[in-house]
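J.: Here you go, one structure.
The values are calculated or read from the model by the stated rules, or taken from the named source; none is laboratory data. The structure displayed is predicted, hence computed values, not measured ones. Please note: Cβ atoms are built from the backbone with ideal geometry, for glycine as well, and neighbour counts cover all protein chains shown.
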Amino acid sequence: MSTHTAGAVRSRLGWLRGIAVAAVSLIFVLPIVWMFAAAFKTNVQVTDPSVGLLFSPTFENFRNVLADGEILRSLRNSLIVGGVSTALSALIAVPAAWAVGRFRMHRTGSLVLVARIVPAVSLLVPWYYLFAQAGLVGSYTVLILSHMFVSVPLILWIMIGFFESLPVELEEAARTDGLTAFGAFWRIALPLAAPGTATASLLAFVSSWNNFMFALIFADETTQTAPVTLFNFISYASTDWGGLMAVATLMTVPVVIAALLGQKYLVAGLTAGATKG
């Protein structure tokens with residue numbers, strides 16, 4: 001194959017890749033754009049297919065959903081539950097992931113995988129019974145503990161591969177200089193694992209922020225999180241589409257901001273553990 005022909009083939013492949021990426025991006029971005037636009041429409045405009053992105057925006061939906069303060073309380077609850085559960089999960093899972101990755105505890109890693117694939121819905125009945133007996137239903141504690149059931153295995157599973165990719169020689173050199181095993185982890189491995197920790201924590205926080213099932217069962221009116229409040233805009237008789245989209249927008253903005261602020265660490269963390277050094 002001549003150089004000219006090879007160059008033409010690469011050019012066509014580049015165009016095809018560009019078209020494929022654009023098509024996939026459009027599929028994922030279009031619903032989000034529609035949601036943001038619908039938040040500034042009336043209910044009539046939302047359900048009217050002839051009304052596209054060119055319309056007179058209204059802030060009435062946001063005024064209505066913010067009037068009684070319920071959504072702000074729910075967003076605060078989501079922030080408390082997501083932040084505390086993610087912090088505690090990282091505190092437990094990151095050292096455990098280092099131990100599993102460094103000492104090749106493959107059976108433990110398999111148990112973690114089993115915990116990841118067990119449907120949480122199958123545990124709701126025994127959990128509810130135990131938490132009700134302990135008087136914890138309706139409290140932040142039960143929400144944080146239930147979210148940690150998802151966050152701890154998620155962070156642990158991500159960080160195992162990340163620690164396995166770090167050069168063990170650095171920790172061996174630190175131990176030769178007099179550090180203990182935990183000292184080598186704290187001073188050497190943990191700083192190097194910062195991008196992976198940030199990535200895993202961000203993914204765990206997003207998972208907690210979007211969790212609907214646990215809050216629906218375990219929370220009460222004072223501790224319910226934003227997904228439950230969002231569900232309240234859907235009723236048997238009708239749906240407040242404008243209010244629904246306004247609340248969905250308010251829920252999405254903090255996560256988007258967090259992802260943008262942590263983009264550098266997110267990209268580094270997702271790529272650093274992909275190959276083992």
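J.: Applying the selection to segment 39-51, what residues are in a loop (DSSP other than H, G, I, E, B) and in contact (Cβ under 8 Å) with a residue 12 or more places away in the chain?
T.: Within segment 39-51, A39, F40, K41, T42, T47 meet the criteria.
J.: Does A189 fit the bill of being under 21 Å from I160 (Cα atoms), of a type in the set (A, V, I, L, M) and touching a Gly at 6+ places or on another chain (Cβ under 7 Å)?
T.: no
J.: Filter segment 94-113 for residues that are assigned to a helix (DSSP H, G or I), more than 12 Å from V150 (Cα to Cα) and either in contact (Cβ under 8 Å) with a residue 40 or more places away in the chain or of a type in the set (A, V, I, L, M) (or both) and give the result.
T.: Correct list: V94, P95, A96, A97, W98, A99, V100, G101, R102, G109, L111.
J.: Being at pLDDT 80 or above and among the small types (G, A, S): is that true of G18 here?
T.: no
J.: Then there is this: Which ones in segment 224-249 are within 23 Å of the chain's Cα centre (by Cα), under 19 Å from I32 (Cα atoms) and among the hydrophobic types (A, V, I, L, M, F, W, C)?
T.: Within segment 224-249, A226, L230, F231, L244, M245, A246, V247, A248 meet the criteria.
J.: Something else: Could you grab the pairs with beta carbons closer than 8 Å, sequence gap of 6+ or different chains, first residue in segment 210-239 and within 25 Å of V256 (Cβ to Cβ) and part of a loop (DSSP other than H, G, I, E, B), second one at pLDDT below 90 and among the charged types (D, E, K, R)?
T.: If the second residue must be at pLDDT below 90 and among the charged types (D, E, K, R), the pairs left are F233/D240.
J.: Here is a further query. Which residue is surrounded by the most Cβ atoms within 10 Å (Cβ to Cβ), if the candidates are limited to segment 64-89 and must be more than 27 Å from K41 (Cβ to Cβ) and of a type in the set (A, V, I, L, M)?
T.: Once the filter is applied, the top-ranked residue is V81.
J.: Still on this model: Of everything in segment 190-205, what is over 13 Å from V81 (Cβ atoms), touching a helix residue (DSSP H, G or I) at 6+ places or on another chain (Cβ under 8 Å) and either part of a helix (DSSP H, G or I) or among the charged types (D, E, K, R) (or both)? Give them in sequence order.
T.: L190, L192, A194, P195, G196, T197, A198, T199, A200, S201, L202, L203
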